[in-house]
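The values are calculated or read from the model by the stated rules, or taken from the named source; none is laboratory data. What you see is a predicted model; the values in this text were computed from it and never measured. Cβ placement follows ideal geometry from the backbone for every residue including glycine, while neighbour counts extend to all protein chains displayed. Please note that ligands, DNA and RNA were not included when accessible areas were found on the heavy atoms of the full protein model with its side chains. Shrake-Rupley method; radii C 1.70, N 1.55, O 1.52, S 1.80 Å.
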Amino acid sequence: MDIAAWLLSLGLQQYEPAFRENDIEADTLPQLTADDLVALGVISIGHRRKLLAAIDALRARSDTAAISTTRSMAAVPGPAPPPAEAERRQLTVMFVDVVGSTALAGRLDPEDMREVIGTYHRCVAETVGRYGGFVAKYMGDGVLVYFGWPQADEADPERAVRAALATLEKVGQAAPAGERLVARIGIASGLAVVGDLLGAGAAQEQTVIGETPNLAARLQSLADPGSAVIDAQTRRRIGGLFECHELGEFRLKGLSGAVYAWEVLGEAMVESRFAAMHGASLPPLVGRDDELELLLRRWQQAKDGEGQVVLISGDPGIGKSRLIAALEERVAGEAHLRLKYFCSPHHLDSALQPIIARWQNDAGFVRSESADARLDKLEALLLPLGATPPLALSPERKKEQTFGALNRILDERARRSPVLILFEDAHWADPSSLELLDRLIMRLASLPVMVIISFRPEFHA
Ligand SMILES: Nc1ncnc2c1ncn2[C@@H]1O[C@H](COP(=O)(O)OP(=O)(O)O)[C@@H](O)[C@H]1O
Ligand SMILES: [Mg+2]
């Protein structure tokens, strides 16, 4: 594919030098994100949207091509022809293996062992499936999983890491009575040849071809039992969403050059997804003067005691979080309390998750501390604010009590300084959080509080 011609067809040929100088080629083009486009100098939002739409169309086309190959191959009896559409594309590959299965096989009879492996395979398939993983192949007790097939997504590495943590936890349940089953996992992101996936017979034997699947398998062998190890690209693309421990530099069989590896310790307690993915330094805000002025005017009204609600709706990547970050920068020097809540696609059904995450953060929870230690921290934080310890109540009463306490805490805080509440990505909010938000909005009028809620257009506030 000719990138210059593609840009020309979109009327955006002015970006051709930037694409060329940054080595954007046909295989990397479908993976470009809104961030990449900003980095390439595509500052105009209109141009960015146009490019993203065209990139989506490219992806859709290559998916259709891949799927139609499967169909035509299924119709051909006998040995399948090599896939016509074998293509290099961006994938996150996960390799799961069981530790000590040879020893286990020595203790169990073959029939029982087969059953254990079957249960374990189903457990892995079910768990990774929940995070959008595609089981490409079972290899003995190893399982090869692809994230980003048939549809690549910016969040593939994040989903793979979440799936790995869930799998490590779940695999133990597949163990027969009196035995332990422990997995270890390697994850790598990069190019892979997807045609292999679609092959049958001999072609399928070659599934583990290309550096990325190979790297995932090798990283798996570095992992301690019960842990997951990831490569540099996966590490970069998960930003600050997970806590990782750097394992250092390795030379691995069959791979050229040194490889850096990290062990995933668990989900990080992050301020916001936006901050986790962007770090501290943001590129300067481009445009948005009117929107920012409007927010500042509303903030002034809120500070004067007239509570305000501002809804920011827009497609992903349009700049909702960036605008909110700009407001935060502008008010940073003022005395106020800022409360940030963010919803995540991974906690759709978890009641009050954004609010709970906020409290955990404020209380200063750290990984691997006991429940008692956490309770102490929470009490130290909440009791001075007038909250009472939980009682044995019905769920409905408990909710009322929780809502009541949260309201009182907010009133108390708003008496001391104006409060800026940022509630991001409400399209992913759980029902209880939305109810809490509704109630807050109802009683906002006379409080020095501004609530900003961001969401995608498909969500109806
Ligand atoms: N006005 C802008 N100026 C500079 N960068 C922007 C602007 N709007 C968006 N961006 C960048 O584009 C990317 C996507 O924006 P983001 O705020 O995360 O979108 P949303 O929250 O609507 O999904 C981010 O990297 C952001 O920094
Ligand atoms: Mg956002």
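Points worth noting:
- Filtered by the rule that a residue be in a loop (DSSP other than H, G, I, E, B) and open to solvent by less than 40 Å² (accessible area, probe 1.4 Å), segment 2-25 gives 10, 12, 24.
- Some residue of segment 231-244 being within 16 Å of ligand 1 (Cβ to nearest atom), of a type in the set (D, E, K, R) and not in a loop (DSSP other than H, G, I, E, B): yes
Results for (1) modelled with pLDDT of 90 or more; (2) away from ligand 2 (no atom under 16 Å from the Cβ), shown as yes or no for each residue.
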residue: 399; (1), (2): no, yes
residue: 447; (1), (2): yes, yes
residue: 450; (1), (2): yes, yes
residue: 457; (1), (2): no, no
residue: 460; (1), (2): no, yes
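- Among the candidates 421, 441, 409, 452, residue that is within 16 Å of ligand 1 (Cβ to nearest atom) and either in a strand (DSSP E or B) or not acidic (Asp, Glu) (or both): 452
- Only one of 354, 345 that is loosely packed, with under 15 Cβ neighbours inside 10 Å and within 16 Å of ligand 2 (Cβ to nearest atom): 345
- Test: residue in segment 268-288 that is part of a strand (DSSP E or B) and surrounded by fewer than 19 Cβ atoms within 10 Å (Cβ to Cβ): no
- Taken together, the residues in segment 320-338 that are open to solvent by 10 Å² or more (accessible area, probe 1.4 Å) and within 21 Å of residue 354 (Cβ to Cβ) amount to 9.
- Odd one out for residue 393 among (1) surrounded by fewer than 18 Cβ atoms within 10 Å (Cβ to Cβ); (2) part of a helix (DSSP H, G or I): (2)
Every residue, every condition in (1) over 29 Å from residue 145 (Cα atoms); (2) within 16 Å of ligand 2 (Cβ to nearest atom); (3) in contact with a Lys or Arg (Cβ under 9 Å, 6 or more places away or on another chain), yes or no:
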| residue | (1), (2), (3) |
| --- | --- |
| 221 | no, no, yes |
| 232 | no, no, no |
| 249 | no, no, no |
| 252 | no, no, yes |
| 290 | yes, no, no |
| 303 | yes, no, no |
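- So residue 424, is it charged (D, E, K, R), at pLDDT 90 or above, within 24 Å of the chain's Cα centre (by Cα) and within 16 Å of ligand 2 (Cβ to nearest atom): yes
- Segment 415-430: number of residues that are farther than 19 Å from residue 313 by Cα and touching a residue at least 60 places away in the same chain (Cβ under 8 Å): 4
- Yes/no for residue 368 being within 12 Å of ligand 1 (Cβ to nearest atom), at pLDDT below 85 and in a loop (DSSP other than H, G, I, E, B): no
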